[in-house]
Amino acid sequence: MKRRQQQALQIAIDGPAGAGKSTIAKIAAKQLGLFYVDTGAMYRVITYKALKNRAPIDDESMVSQIAKSTEVVFDHSDKRIVWCDGEDVTQEIRCPEVSRAVSVVAAYPGVRERLVELQRMEAERGGVVMDGRDIGTYVLPEADFKIFLTATPEERARRRWMELQKSGKDVTYQEVAIDMAERDRLDTERVVSPLKPAKDAIILDTTGLCIEELVSRILALVQGG
């Protein structure tokens with residue numbers, strides 16, 4: 001595959017919850033001068049809206065209809081605000097209730113079809129770093145660089161628990177670990193675009209590594225490739 005010019009590069013970063021995808025993708029995108037697309041936030045927005053509207057999460061038809069009528073807008077300034085139909089939901093979409101339900105919502109073909117369409121449109125605007133669970137395998141199968149981040153379940157649960165603690169969420173480590181294990185199961189076992197590395201992905205284990213080390217590896221890969 002012929003590699004695109006820098007201003008049109010597509011970098012796919014996949015991996016399970018707590019692997020550090022979003023943080024690393026944001027920093028790498030900024031340093032490379034590319035557009036960051038947080039696909040996980042898009043699925044969280046749909047989940048948040050469904051819960052807010054008291055729609056049964058197990059009602060695929062209703063949740064898919066919500067996805068089709070929801071406006072998701074990203075503020076790509078340093079504030080990184082996520083808007084749902086004009087409402088700032090940046091903090092709300094990270095709550096444990098959304099985290100527990102988002103994998104169910106993300107498995108619905110109707111939801112994925114709509115959001116994948118929006119994700120590909122973002123990629124067509126110019127160079128992007130896009131993170132998620134099926135970017136390299138499905139959303140951007142022709143991406144110039146495909147990276148799959150992982151870490152031990154304990155490390156990923158610890159990171160997510162600390163993140164929730166910092167944001168003021170009253171949740172125990174054990175609760176986070178249980179929720180994450182169930183989310184991993186749903187992500188890997190779903191029929192539509194399950195979580196798995198692309199055949200040509202570079203796998204990076206983030207356990208015990210700091211953000212700076214991981215970003216440096218990715219920048220070296222992209223700039224040296």
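Points to keep in mind about this one:
- Derived scalar couplings between HN and Hα for region 24-30 equal 5, 5, 4, 5, 4, 4, 4 Hz in order, rounded to whole Hz, by the Karplus curve 6.51 cos²θ - 1.76 cosθ + 1.60 (θ = phi - 60°), x for Gly and Pro.
- Segment A55-R185, extension gain: residue separation times 0.36 nm, minus the distance between their alpha carbons: 44.5 nm
- Residues whose amide H lies under 5 Å from that of D131, counting only those 5 or more places away or on a different chain, are I13, V37, T39; hydrogens are built 1.01 Å from N in the peptide plane.
- Note on the chain: with neighbouring protein chains present and a 1.4 Å probe, carbon and sulfur make up 52 percent of its accessible heavy-atom surface.
- Per-residue ³J(HN,Hα) for region 196-206, Karplus 6.51 cos²θ - 1.76 cosθ + 1.60, θ = phi - 60°, Hz, x for Gly and Pro: 6, x, 5, 4, 9, 7, 8, 9, 10, 8, 8
- Per residue, the average separation of C-alpha pairs within less than 8 Å and at least 6 apart gives the chain a relative contact order of 32 percent.
- One equal scatterer on each Cα of region 1-118, no solvent, Debye formula: the resulting log10 I(q)/I(0) at q = 0.11, 0.13, 0.23 Å⁻¹ is -0.39, -0.54, -1.39.
- Inter-label distance, I81 to E124: 2.8 nm, where each label sits 7 Å from its Cα along the C-beta direction.
- Region 118-167: trypsin sites (Lys or Arg not before Pro) in DSSP coil with no more than 10 other Cβ atoms inside 10 Å: R125
- Cα-derived Rg over Rh, computed across region 90-192 with Rh taken as Kirkwood radius: 0.99
- Region 110-161: C-alpha gyration tensor shape, a/c 1.5 cut-off, then a/b vs b/c: prolate
- Kirkwood radius and radius of gyration were both taken over the C-alpha atoms of region 9-69, and their ratio Rg/Rh is 1.11.
- Taking the three principal axes of the alpha carbon atoms in the chain, the coordinate ranges are 49, 36, 35 Å, sorted in descending order.
- Over all distinct Cα-Cα pairs of region 138-223, the Kirkwood formula returns a hydrodynamic radius of 14.9 Å.
- Computed with a 1.4 Å probe over protein heavy atoms only, the accessible surface of region 3-57 comes to 37 Å² per residue.
- Shown here for region 121-163: GluC sites (Glu not before Pro) in loop regions (DSSP other than H, G, I, E, B) with at most 15 other Cβ atoms within 10 Å, namely E142.
- Take each peptide in 185-195, 13-23, count the other Cβ atoms within 10 Å of every residue, and average; sorted highest first, the result is 13-23, 185-195.
- Calculated from backbone phi, Karplus (6.51, -1.76, 1.60) coupling profile of region 147-156 in Hz, x at Gly/Pro: 10, 10, 9, 9, 5, 5, x, 5, 5, 5
- The shape of region 65-136 comes out rounded: with a ≥ b ≥ c from the C-alpha gyration tensor, a/c is under 1.5.
- Qualifying chymotrypsin sites (Phe, Trp or Tyr not before Pro) for region 142-212 [loop in DSSP, other Cβ within 10 Å: at most 14]: none
- Average accessible area per residue (Å²) across region 81-195 - probe 1.4 Å, nucleic acids and ligands excluded: 46 Å²
The values are calculated or read from the model by the stated rules, or taken from the named source; none is laboratory data. Note that the structure is a prediction, hence the values are computed from the model and not measured. Heads up, the Cβs are rebuilt from the backbone with ideal geometry, glycines too, and the neighbour counts pull from every protein chain shown. Please note that ligands, DNA and RNA were not included when accessible areas were found on the heavy atoms of the full protein model with its side chains. Shrake-Rupley method; radii C 1.70, N 1.55, O 1.52, S 1.80 Å.
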